[in-house]
Amino acid sequence: MTAEGAAGRALLGVAVTAGYALSQGWPAVVPPWAVAGGVAATLLIGALAGLYSAVRASRLPPTEALSAP
């Protein structure tokens, strides 16, 4: 996932949270550290998943790596 995708999803989460809070009559408060933590976690998980797949594929013969699901 790209940084733009992670930031977009974080903004979507803030918007949904704010919408729900406002519909309940609550103040909409989303701490900036929570948004930054969400973006960081998304990027870290995406990087680890991509790295894991790449390492597994690098250990296979090229024809097998391309045909594996």
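Please treat every number below as a calculation from the coordinates, not as lab data. Since this is a predicted model, take the numbers as computed values, not measurements. Reconstructed Cβ throughout: ideal geometry from the backbone, glycine too, with neighbour counts over all protein chains shown.
Relative to the longest principal axis of the Cα atoms of the chain, the long axis of helix 32-58 makes an angle of roughly 10 degrees.
Where in region 27-69 is the amide nitrogen less than 15 Å from a point lying 7 Å along the Cα-to-Cβ axis of Leu12? So the set is 39, 42-43. Against the chain, whose longest principal axis comes from its Cα atoms, helix 3-23 is set at around 30 degrees.
Could you calculate the contour length gain from Ser23 to Ala3, that is, 0.36 nm times the residue separation minus the distance between their Cα atoms, to one decimal place in nm? Please report the intermediate quantities before stating the final value.
On the way: separation 20, 0.36 × 20 = 7.20 nm, distance 3.01 nm.
Net length gain for the segment: 4.2 nm.
One decimal place: the segment Arg59-Leu43 gains 3.3 nm when fully extended, by the rule 0.36 nm per residue minus the C-alpha distance. Read through the labelled values (i) 19; (ii) 53; (iii) 24 and report the label of the one computed as percent of Cα pairs over 19 Å apart from the structure. Structure-derived value, by its label: (ii).
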